[in-house]
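Everything below concerns the one structure shown next.
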Amino acid sequence: MNRKTHYLQYVVLIIASIFTSGAYADHFSLLPEKPLILIGASFANGNTPLQQDLQGPLQGISVGAGGYVDLGMALTRFGAKVRNEGQAGATTFSRITCNPVCGEATWDSYATQLQRGLRRVTLFDVNGPAGYNADYVIVSLGNDCLHSDAFGMDQALTSPCSLAEQNAVIDRLIAVGQEVLNLGMTPVFTKYPGARHLDLALFSQLSGLTWVMTDAQYDAFGELYASRVRQELPEALLVNAWKHFTHQGDGLHPDEATAMQAAYRLLQVIAHDQRRD
């Protein structure tokens, strides 16, 4: 991490500590009044899902053994209200875990995560449901095409996504964004961080995966995703939230300062969008 990046991260943490303490919190102009719905994978929520009988993919582990600051936590540190339905390890589609072998525990799709989030913010009157107490849905990055356990099948049978498979992933993301727009809300997408900031080979080694995307594949997919979101969902917000990125030592997940910066950028863009309206 270079000196400039370290300084920027330090400044963001100082800003967060100021505006989330005491009287300053009430005057933080970036905060939306209504809750933010957050869906996605481990950038959004460091916890893998656990069912009622304590069954879950990867035994219900949390990134960093619970010490990881995810985007949902970072947003709340700034004072935002967040309904976080993300699941570490998730993809846009529901699937079983296959690391190290396939089991029965599943992750929810993004469409299901969205429906869960909507139920959390449903308004009611004497006649029943009467809309939603939310204006924005943050759609965070998933595991689709990233690695060999992102397909819901034996890792030995998988290979890096074809262009058609990549577009199918983006189709599902755009469908979620369009559903949000149809409800009168605004979807907020985040761009992928550059592969140069990650260490995907290290992540592969630590995760016990058969393979992980190369840097070139990762960046190409991120560019395709951003291009299609801009073209097909012009009313959505596409935020370069992970522009300055330092991983926490596992090759993939953001460190605390990076997550705080991402949350701050998202709140800035949402605040600007609110003023425009």
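Rolling a 1.4 Å probe over the protein chains gives LEU50 an accessible area of about 90 Å². The mean of 1/r over all distinct Cα pairs in the stretch 60-166, once inverted, gives the Kirkwood hydrodynamic radius of 16.1 Å.
FRET efficiency for the LEU183 to LEU224 pair, using the beta carbon distance and R₀ = 22 Å, is estimated at 0.25. For the stretch 122-252, the calculated P(r) over all alpha carbon pairs, in 10 Å bins from 0 to the bin holding the longest distance, is 11, 36, 31, 15, 6, 1 percent. Paramagnetic label reach from ARG120 (point 7 Å along Cα→Cβ; backbone nitrogen cut-off under 13 Å): within the stretch 56-72, residues 71-72. In the chain, one over the average inverse separation of all distinct C-alpha pairs is 19.2 Å, which is the Kirkwood hydrodynamic radius. For ASP219, the solvent-accessible surface with a 1.4 Å probe is about 60 Å², rounded to the nearest 10.
Residue separation of ALA111 and SER162 scaled by 0.36 nm, minus their Cα-Cα distance, works out to 16.1 nm of gained length.
Within the chain, what whole-number % of the accessible surface is contributed by carbon and sulfur, with the 1.4 Å probe and all protein chains included in the calculation?
Carbon and sulfur together cover 51 percent of it.
Between the stretch 174-242 and the stretch 60-94, the alpha-carbon centres lie 16 Å apart. Listed by chain and number, the aspartates and glutamates whose C-alpha is less than 17 Å from the C-alpha of LYS81, apart from same-chain residues fewer than 8 away, are ASP26, GLU33, ASP70, ASP135.
Placing R0 at 25 angstrom, the Cβ-Cβ distance between ALA201 and ALA271 gives a FRET efficiency of 0.05 after rounding to 0.05.
The values are calculated or read from the model by the stated rules, or taken from the named source; none is laboratory data. Computed from a predicted structure; not experimentally measured. Here Cβ is always computed from backbone atoms with ideal geometry, including for glycine, and neighbour counts include all displayed protein chains. SASA here: full protein model, heavy atoms, side chains in, ligands and nucleic acids out. Shrake-Rupley method; radii C 1.70, N 1.55, O 1.52, S 1.80 Å.
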